[in-house]
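The values are calculated or read from the model by the stated rules, or taken from the named source; none is laboratory data. Just so you know, these numbers come straight off a predicted model, no measurement behind them. Cβ coordinates were reconstructed from backbone atoms using ideal geometry, including for glycine residues, and neighbour counts include every protein chain displayed.
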Amino acid sequence: MTTPRIAIIGAGPGGLTCARILQVHGITATVHDLASGPDDRNQGGTLDLHPDDGQLALKEAGLLEDFHRLARPEGQEMRQYAAADGTLRFHHRPAENQFSAPEIDRGQLRDLLLNSLTPGTVRWGHALRGVEGPDDGPRRLRFADGTVTEADLVIGADGAWSKVRRVLSSATPRHIGVNYLEAWFDDVDSNHPDIAELVGQGSAMAADGERCLFAQRNSGDHIRVYIIQRDRPDWLAHTGLTANSGGTGDTGDTGRSTGQDTDRIRALLLERYRDWSPALRRLITDNDGPYVDRPLYALPVPHTWESNPTVTLLGDAAHLMPPLGVGVNLAMLDASELALALARHDTVADAVRAYEETMLPRSHKTQAMLDGAAVGLLSDETFDPSRHQAD
């Protein structure tokens, strides 16, 4: 096909993976992102990339060996504690050289992808305002800074509240009844040795049926704790308190602003977790800096649309689900399959149809499997590896 003008909206893992694999196959794409630059906000916590999706996409991108050098296989360690007395109920230690789902910080993954792209691929400070033009193209993209550009294909990799999605679907994310409140711990081995020992090199969690604490070791001697509760999305505001906003609960893109009611939030949390082990309650009380509020949302199940030859979606823009370890993996697999379809088909329209014929059934199946599954994070049952693998 003649070289199409491809515009990718969103410089997250999905958008950048798509751009990278297109470039590997000699196809140029431009990525537009609302951030002012690659370092203007914190990229969030840690991810586990799986061999059959996230790692597969990195292989297509020619970056798998670089990923292995950065990844932390020790991050696959998992501990489960009893909420009431803090006793260790389950402990998984990964085997040596096990790379089934190694951890990598979001920021490290993003830098790996960014640095692999031709300079100038990403255009920062381009907040999309709308997509115009006929179905058969070209499409006009209007940005907040007044810029207007044309594209033969617009790829929406712009997350939960995607503006590109509006061209294809009227669906909007709905709150799933569960919220995360995020807490950060810095220099944990020296400043928080008890918490470092509690969490280990990977993840640690405890739940009592109504609430959960989930802690993850990040690189750079950091730990993030997710305080998980069943409640309304505006639960803090409803109690007259203010926290930093972190979007939809995808554990990414937030900064450390001030002005929230940190002490009062901590007091409220301590009351809600009053029957928990004192050692576990330190995951609530000893954090460095403010809390970050992350209400969780998901798209309707299934989310679909009529194929359009000039617009398509990937990742959360296409199939926002609860954050249960599949979101980034599916976004990167979507990106890989879309880029390969564009490289292998004679027209953009044929490529988009071929991609969606595979992506939509897969995402529908996963959406159905995870619908309501976030409540399972609150379960106080002892972790059963065999049941988890079967599920």
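This table checks each residue for (1) in a loop (DSSP other than H, G, I, E, B); (2) touching a residue at least 12 places away in the same chain (Cβ under 8 Å); (3) out of contact with any His (no Cβ under 8 Å at 6 or more places or on another chain); (4) within 22 Å of Ala351 (Cβ to Cβ).
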| position | (1), (2), (3), (4) |
| --- | --- |
| Leu16 | no, yes, yes, yes |
| Gln23 | no, yes, yes, yes |
| Ile27 | yes, yes, yes, yes |
| Ser36 | yes, yes, yes, no |
| Asp39 | yes, no, yes, no |
| Lys59 | no, no, yes, yes |
| Glu65 | no, no, yes, no |
| Gln80 | no, yes, no, no |
| Ala101 | yes, yes, no, no |
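Of everything in region 138-150 that is closer than 16 Å to Arg166 by Cα and more than 27 Å from the chain's Cα centre (by Cα), the residue that is surrounded by the fewest Cβ atoms within 10 Å (Cβ to Cβ) is Arg140. Of all the numbered requirements in (1) among the small types (Gly, Ala, Ser); (2) touching a strand residue (DSSP E or B) at 6+ places or on another chain (Cβ under 9 Å); (3) surrounded by fewer than 20 Cβ atoms within 10 Å (Cβ to Cβ); (4) more than 19 Å from Ile284 (Cβ to Cβ), Ala196 misses one, and that requirement is (4).
Could we say that Asp275 is modelled with pLDDT under 95 and either touching a Phe, Trp or Tyr at 6+ places or on another chain (Cβ under 8 Å) or of a type outside the set (Ser, Thr, Tyr) (or both) here? No: the conditions fail for Asp275.
When region 187-211 is filtered for residues that are part of a loop (DSSP other than H, G, I, E, B) and in contact with an Asp or Glu (Cβ under 8 Å, 6 or more places away or on another chain), the ones remaining, listed by number, are Asp187, His192, Gly200, Gln201, Gly202, Asp208, Gly209.
The condition (being in the same structural domain as Ala29 (by TED's automatic domain parsing), surrounded by fewer than 23 Cβ atoms within 10 Å (Cβ to Cβ), in contact with a strand residue (DSSP E or B) (Cβ under 9 Å, 6 or more places away or on another chain) and not in a loop (DSSP other than H, G, I, E, B)) is satisfied by just one residue among Val167, Val154: Val167. For region 287-379, list the helices (runs of 4 or more DSSP H) that sit wholly inside it and hold at least 1 residues that are under 15 Å from Gly156 (Cβ atoms), in contact with a Phe, Trp or Tyr (Cβ under 8 Å, 6 or more places away or on another chain) and not assigned by TED's automatic domain parsing to the domain that holds Tyr180; which are they? Correct list: 327-344. Checking Val148, Val199 one by one, the residue that is within 24 Å of Thr3 (Cα to Cα) and at pLDDT 95 or above is Val148 and no other.
Do we find a residue being modelled with pLDDT of 95 or more, buried (at least 17 other Cβ atoms within 10 Å of the Cβ) and not acidic (Asp, Glu) anywhere in region 69-78? No, region 69-78 contains no residue that is modelled with pLDDT of 95 or more, buried (at least 17 other Cβ atoms within 10 Å of the Cβ) and not acidic (Asp, Glu).
Number of residues in region 1-60 that are among the charged types (D, E, K, R), crowded, with 20+ Cβ neighbours inside 10 Å and within 21 Å of Ala144 (Cβ to Cβ): the value is 1.
Being modelled with pLDDT of 95 or more, more than 30 Å from Gly200 (Cβ to Cβ), surrounded by 15 or more Cβ atoms within 10 Å (Cβ to Cβ) and over 25 Å from the mean Cα position of the chain (by Cα) is a description that does not apply to Pro134.
Regarding Arg211, is this residue modelled with pLDDT of 90 or more, within 17 Å of the chain's Cα centre (by Cα) and outside the structural domain of Arg106 (by TED's automatic domain parsing)? Here the answer is no, as Arg211 does not meet what is asked. Every listed requirement among (1) among the acidic types (Asp, Glu); (2) crowded, with 18+ Cβ neighbours inside 10 Å; (3) modelled with pLDDT of 90 or more is met by Asp234 save one, (2).
Residue count for region 274-286 under the criterion of being crowded, with 21+ Cβ neighbours inside 10 Å and assigned to a loop (DSSP other than H, G, I, E, B): the result is 1.
Only one of the numbered conditions (1) buried (at least 21 other Cβ atoms within 10 Å of the Cβ); (2) farther than 30 Å from Met321 by Cα is violated by Glu182, and that is (2).
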